[in-house]
Amino acid sequence: MTTADLFAASQTPRRDEPLGDGAMVLRGFALAEEAPLLQAVAAIAAQAPFRHLVTPGGLRMSVAMTNAGPLGWVSDHRGYRYDPIDPDSGRPWPPLPPAFMRLAVAAAARAGFPGFVPDACLLNRYEPGSRLSLHQDRDERDLGLPIVSVSLGIPAMFRFGGLRRTDPVQRVPLVHGDVVVWGGAARLRFHGVLPLKPNHHEALGECRINLTFRKAG
Ligand code: SIN
Ligand code: FE2
């Protein structure tokens, strides 16, 4: 699929659901790239295996993570940061595959952020029971640039709150192929994922893989 095809496929208006100023769900947007995305995830996991990071407070995260791109997000007892080197292997993270780049750029443009070019992709692997507590993404250098989040595998309930931790939290069901983009006024909205229910996906089995694209550096 070429960028032009992807752009044409992305012109279907009924698949866009605004989530307030600066945020949007693009239903099924990643399906056009499904096969190359799944292949690329497997190739990245072979080079930089998913691992359970530890928070600065010493808790093991229930979501397993790895990265692709010039920068990767890591957490350990010292804190959160972006690092060009995978601490497990001592080597750079695998490069961002072309299908990842095409999808992230096209989704951001579709959601109103033309010119977004990511330099980091955090891959999250959820199993039934895995969850991600409410947080803001704020380790990136330019907080004006969006986050592009791609859901693959079994369904999840995404939690999308406001700019304060105590603001009301929307629940947004996400399925294989959905893409959420948030930037601008929405960039620092709190978000998270409820514990996953047991389920099965034909390509990914009992798991959900989420890709979040960022311009970190
Ligand atoms: C994240 O906040 O980094 C991931 C969100 C998701 O898994 O949908
Ligand atoms: Fe996040």
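The set of residues in the range 116-164 being within 13 Å of ligand 2 (Cβ to nearest atom), open to solvent by 60 Å² or more (accessible area, probe 1.4 Å) and in a loop (DSSP other than H, G, I, E, B) consists of Arg131, Arg138, Asp139.
Tally the residues that are assigned to a loop (DSSP other than H, G, I, E, B) and more than 15 Å from the chain's Cα centre (by Cα), restricting the search to the range 91-110.
Selection size over the range 91-110: 4.
Evaluate the following for Phe50: is it among the hydrophobic types (A, V, I, L, M, F, W, C), farther than 21 Å from Leu174 by Cα and out of contact with any Pro (no Cβ under 9 Å at 6 or more places or on another chain)? For Phe50, the condition - among the hydrophobic types (A, V, I, L, M, F, W, C), farther than 21 Å from Leu174 by Cα and out of contact with any Pro (no Cβ under 9 Å at 6 or more places or on another chain) - is met. Which one of Pro198, Pro173 is assigned to a loop (DSSP other than H, G, I, E, B), open to solvent by 40 Å² or more (accessible area, probe 1.4 Å) and more than 15 Å from ligand 2 (Cβ to nearest atom)? On inspection, the qualifying residue turns out to be Pro198.
Within the range 172-187, residues that are touching a residue at least 40 places away in the same chain (Cβ under 8 Å) and of a type in the set (Gly, Ala, Ser) have Cβ atoms under 6 Å from residues that are assigned to a strand (DSSP E or B) and within 16 Å of ligand 2 (Cβ to nearest atom) in these pairs: Ala186/Ala23, counting only partners at least 6 apart in sequence or on another chain. Counting only residues that are closer than 18 Å to Gly153 by Cβ and of a type in the set (Gly, Ala, Ser), which one in the range 42-92 is surrounded by the fewest Cβ atoms within 10 Å (Cβ to Cβ)? Looking at residues that are closer than 18 Å to Gly153 by Cβ and of a type in the set (Gly, Ala, Ser), I get Ala46.
The values are calculated or read from the model by the stated rules, or taken from the named source; none is laboratory data. Note that the structure is a prediction, hence the values are computed from the model and not measured. Every residue, glycine among them, receives a Cβ derived from its backbone with ideal geometry; neighbour counts consider all protein chains shown. Note: areas computed on protein heavy atoms with side chains; ligands, DNA, RNA excluded. Shrake-Rupley method; radii C 1.70, N 1.55, O 1.52, S 1.80 Å.
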